[in-house]
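These notes are about the structure you will find just below.
The values are calculated or read from the model by the stated rules, or taken from the named source; none is laboratory data. These figures come from a predicted structure and were not determined experimentally. Don't worry about glycine lacking a Cβ; one is built from the backbone with ideal geometry, like all the others, and counts go over all protein chains shown.
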Amino acid sequence: MPASAPSAAATPAATDSAEAAVQAISGSAEQDVTFSLELSQDQKDIRDWVHGFAVDVVRPAAHEWDEKEQTPWPIIQEAAKIGLYGFEGMAQFFADPSGLGLPIVNEELFWGDAGIGMSIMGTALAVAAIFGQGSPEQIGEWIPRCFGTVEDVKVAAFCASEPNAGSDISALRTTAKFDEAAGEWVLNGQKAWATNGGISDVHVVIASVDRELHSKGHAAFVVPMSEVKGISEGSKVSKHGLRASHTADVFLDDCRIPAGYVLGGKEKLDERLARVREGKKSNSQAAMQTFESSRPTVGSQALGIARAAYEYALDYAKQREQFGRKIIENQAIAFTLARMKLEIDAARLLVWRASWMGRNGVPFQSAEGSMSKLKSGEVAVWVTERAMQILGGNGYTREFPVERWHRDAKIYDIFEGTAEIQQLVIARAISGMHIK
């Protein structure tokens with residue numbers, strides 16, 4: 001460039017543009033910000049409140065109840081006493097307009113312990129089904145009964161899976177036939193892997209009303225164990241992880257319930273089935289509707305486990321010495337911890353996005369709910385495995401909690417839609433094709 005030629009930065013036009021840019025930036029600082037990842041003060045208060053419960057009550061009891069493989073009723077009651085478990089508390093978490101209330105609570109609770117966390121939050125799946133599909137009258141009647149009272153705590157169960165119908169929910173064989181003369185539904189079948197199955201007062205059961213319609217012929221029914229005959233607990237499942245959470249089969253043998261115990265009401269169900277039989281589109285599929293709305297929350301549970309393992313491994317690496325120095329001073333350890341933190345934060349953003357979309361009625365055009373659950377489950381399994389590796393032999397023993405966290409994490413690759421099913425859902429959404 002000739003010495004006499006002015007630089008581009010010094011030209012009047014460039015100077016004017018720069019001043020305009022500065023003014024625009026300065027002006028934007030005074031405008032209302034429409035996008036923020038900053039939690040509100042209420043959200044921070046709830047997060048800290050639940051975290052305190054996890055520190056003081058859940059973690060000290062985690063090893064004991066994992067070894068017992070029993071429902072920690074005293075812990076659930078403690079949660080009820082402070083309002084963490086109950087209708088009002090759950091309504092508050094659900095009501096958060098950002099959609100982040102429930103994920104924040106679940107992440108902190110499951111950071112404490114996943115087995116105890118599931119014992120406290122397992123009721124939420126039945127509540128979600130009632131809230132999403134029930135009439136206002138049904139919501140008012142049944143959701144409080146899912147929790148019971150502080151003096152007489154109850155849990156609820158959502159019963160969808162069966163021995164031969166896990167990922168393929170359309171293959172379920174439990175039936176619901178309407179007895180016109182008695183004005184009752186008659187349910188028959190077997191449910192498997194039901195969280196709180198058989199120990200609950202309220203069971204929400206997915207059954208087929210018309211098998212020829214496959215999953216579009218399903219409906220959700222409220223079956224109160226204290227009121228009806230023909231429902232019983234089968235074998236309790238001895239599990240690899242989440243051992244403080246009760247899981248069992250549920251049997252329905254000519255179980256009779258009143259006509260009004262179908263969620264949404266019989267009239268609405270009859271209208272929906274008539275539309276399907278006429279070849280018209282129906283957006284309501286009882287089991288999948290509940291699963292889709294719950295997937296981000298399930299993802300947040302996996303995040304809590306992953307975060308617990310990462311934080312423990314980080315503290316361990318900063319204290320443990322080998323060959324005369326802290327093991328975190330080795331790049332292999334430090335880089336692994338960096339990657340663990342990165343993956344957890346990335347998964348949380350997917351959970352928060354899907355939670356916000358679900359709460360605000362934004363359609364999941366690319367299966368964003370499934371994305372959040374898939375990523376979080378994979379991250380939890382990977383992070384807990386890396387944490388065990390960082391602890392070495394200590395990580396493999398029950399004297400250290402990472403072994404339990406690793407066992408707890410694996411189910412998040414499996415239940416409420418396996419990793420393979422989540423990928424299938426995402427692939428169908430992005431392609432617009434029915435990929436098999």
Next item on the list: Can you run down the residue pairs with Cβ atoms below 8 Å, 6 or more apart or on separate chains, where the first is in the stretch 127-143 and without any contact (Cβ under 8 Å) to a residue 12 or more places away in the chain and the partner is crowded, with 19+ Cβ neighbours inside 10 Å and of a type outside the set (Phe, Trp, Tyr)?
Entry: 139/130
Check: Within the bounds of the stretch 379-387, is there any residue that is modelled with pLDDT of 95 or more, out of contact with any Asp or Glu (no Cβ under 9 Å at 6 or more places or on another chain) and either closer than 26 Å to residue 126 by Cβ or of a type in the set (Val, Ile, Thr) (or both)?
Finding: no
Item checked: Criterion violated by residue 202 - all others in (1) crowded, with 20+ Cβ neighbours inside 10 Å; (2) in the same structural domain as residue 115 (by TED's automatic domain parsing) satisfied -> (2)
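Condition first: within 21 Å of residue 414 (Cα to Cα) and touching a helix residue (DSSP H, G or I) at 6+ places or on another chain (Cβ under 9 Å). Can you find one or more residues in the stretch 308-317 that meet it?
Step one: list which residues in the stretch 308-317 are within 21 Å of residue 414 (Cα to Cα), which gives 308-309.
This time we only want the ones that are touching a helix residue (DSSP H, G or I) at 6+ places or on another chain (Cβ under 9 Å), so: 308-309.
Checked against the condition, which is being within 21 Å of residue 414 (Cα to Cα) and touching a helix residue (DSSP H, G or I) at 6+ places or on another chain (Cβ under 9 Å), the stretch 308-317 yields at least one hit.
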Notebook entry, point to check: Checking residue 242 against (1) without any contact (Cβ under 8 Å) to a residue 24 or more places away in the chain; (2) at positive phi; (3) among the aliphatic types (A, V, I, L, M), which single condition isn't satisfied?
Noted result: (1)
Item checked: Spans of helices (runs of 4 or more DSSP H) in the stretch 318-436 with at least 1 residues without any contact (Cβ under 8 Å) to a residue 40 or more places away in the chain and more than 24 Å from residue 243 (Cβ to Cβ) -> 331-359, 368-391, 419-431
Note to self: Residues to consider are 82, 75, 104; find the one that is surrounded by fewer than 18 Cβ atoms within 10 Å (Cβ to Cβ), farther than 18 Å from residue 131 by Cα, of a type outside the set (Gly, Ala, Ser) and in contact (Cβ under 8 Å) with a residue 24 or more places away in the chain.
What the structure shows: 82
Margin query: Could you check the stretch 52-87 and list, in sequence order, the residues that are within 19 Å of the chain's Cα centre (by Cα) and closer than 15 Å to residue 147 by Cβ?
Written below: 76, 79, 84, 85, 86, 87
